[in-house]
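The values are calculated or read from the model by the stated rules, or taken from the named source; none is laboratory data. These numbers were taken from a predicted model, which means no experiment stands behind them. Please note: Cβ atoms are built from the backbone with ideal geometry, for glycine as well, and neighbour counts cover all protein chains shown. Ligands, DNA and RNA are excluded from the accessible area calculation, which covers all protein heavy atoms including side chains. Shrake-Rupley method; radii C 1.70, N 1.55, O 1.52, S 1.80 Å.
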Amino acid sequence: MTDRPHRPETIAAGALGFEDAASGAVIPPIHPSTTYIRDPDNGYDRGRVYARADNPTFDIPARTITELEKGADTLLFASGMAAATAVFQALDPGDHVIVPDVMYWAFRNWVHGPATRWGLRVEGVDSSDTDAVRAALRPGETRLVWLETPANPLWTVTDIAAVAELAHEAGAWLAVDSTVATPVLTRPLELGADIVMHSATKYLNGHSDVVAGTLTAARKDEFWSRIKAVQTQQGGILGSFEAWLLQRGLRTLFARVRWQCAAAMTLAERLSAHPQVAEVLYPGLPGFRGHGIASRQMTGGFGGMLSIRVKGGTQAAIDTAAHVGVWRRATSLGGVESLIEHRASIEGPTSPVPGDLLRLSVGLESPDDLFEDLGQALNRASRQG
Ligand code: PLP
């Protein structure tokens, strides 16, 4: 490998300057091997033993993410959920944990369900209210504060730096789900977080063809060793082919996310003026509650995710999603194709998401086509109602 350049766009695009010593190939190989040769002296001089712990296919994507997040180490998991749950499984029974009220729904269900059955004391707060986080912290008892910002699907924004300071004063670690912001827009470790998590299923891979998760640590400390042990022992690792696809997806991360931010901003502004839209939720809009904090902690854009609240309520929202053509009616986010989803019907009755909300993941299509398609769907749904 050649010396690595330092600007993030170059790091993401360059696969760390990989070139194959034997062939001169510029594209990294896939290593499907599950096991590695033991040396005649019975050691493992090359440092790899068995693929549940070691896989050279992980090196480029893991190191690329480590550099983009300005961390010390990255682990690749079989999914975002495998990554997020590993952080909680590294805690001790009885530990107090603070989580946001608005967060990815399946993880909220897990932290308030199985995690509590294993003895964690989990408390939900409005993390966008720093005073509420301060009041919820129990110095010496709270071991972890978990954040997600902007938080799916209301795009609630939390001040990472402020919460990091409070968490550390209380003796707690801070972990941030930064799936929606991506390292293009926010680097939580620079703002004081200890761990940053991604569902790499979304923007990091970006092509809706890999389920993956990542954790990056600010330091290789004892807590990080525990998380690594959870992964190695439980085996929630990424497959070799998925890791290879992830490094390929990472190479276009900056171009994709910047396009998606610009398109989402255009759509947020144009949809705000649409007669059938009651409200647009997007951190880039000056009237949005978290806009001030987002302007400080997100650099270069406000992300590719927004939600709209449709006039006419739940049925009008569902009917709108039924009439789109360019948008695809599907769950997930962060891919090249734009997705629209009625969240309340997937999240169920415990969800804080209103029934009239449609979540929009903006892809790489023409923003004009996306606006016209959604505009006609909103109009048709309103005539139906
Ligand atoms: N975090 C966020 C913000 C998500 O949107 C998702 C999935 O939608 C996850 C975590 C879970 O990731 P995965 O589906 O890769 O397990």
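Structure above, values below:
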quantity	calculated
Solvent-accessible area, 1.4 Å probe, carbon plus sulfur percent, for the range 8-250	52
Separation in nanometres of the label points that stand 7 Å from Cα toward Cβ, at Arg7 and Arg380	4.4
Rounded to 5, percent antiparallel among DSSP beta bridges of the chain	60
Chain lengthening between Ala135 and Asp39 when straightened (0.36 nm per residue, less Cα-Cα)	29.0 nm
Under 5 Å, built H, 5+ apart or other chain: amide partners of Val122	Val97
Qualifying lysines (Cα of each under 18 Å from Cα of Lys228; at least 8 residues distant if same chain)	Lys220
Accessible-area composition of the range 253-384, carbon plus sulfur, in percent [1.4 Å probe]	54
Rounded accessible area per residue of the chain, 1.4 Å, Å²	41
Distance between the range 135-179 and the range 62-115 - C-alpha centres, whole angstrom	12
Label point at Ala273 placed 7 Å out along Cα→Cβ; residues across the range 346-376 whose backbone nitrogen lies under 18 Å	367-376
Modelled FRET efficiency - R0 35 Å, Thr252 with Asn109, Cβ distances, 0.05 increments	0.60
Two-site FRET efficiency, Glu372 against Glu222, from Cβ-Cβ distance with R₀ of 51 Å, rounded to 0.05	0.40
The range 8-250, relative contact order [Cα under 8 Å, separation at least 6], %	25
Principal axis dimensions, the chain - Cα atoms, whole angstrom, descending	78, 53, 33
222 nm mean residue ellipticity, helices alone, for the chain (DSSP H n ≥ 4; -39,500 (n - 2.57); rounded to 500)	-11000 deg cm²/dmol
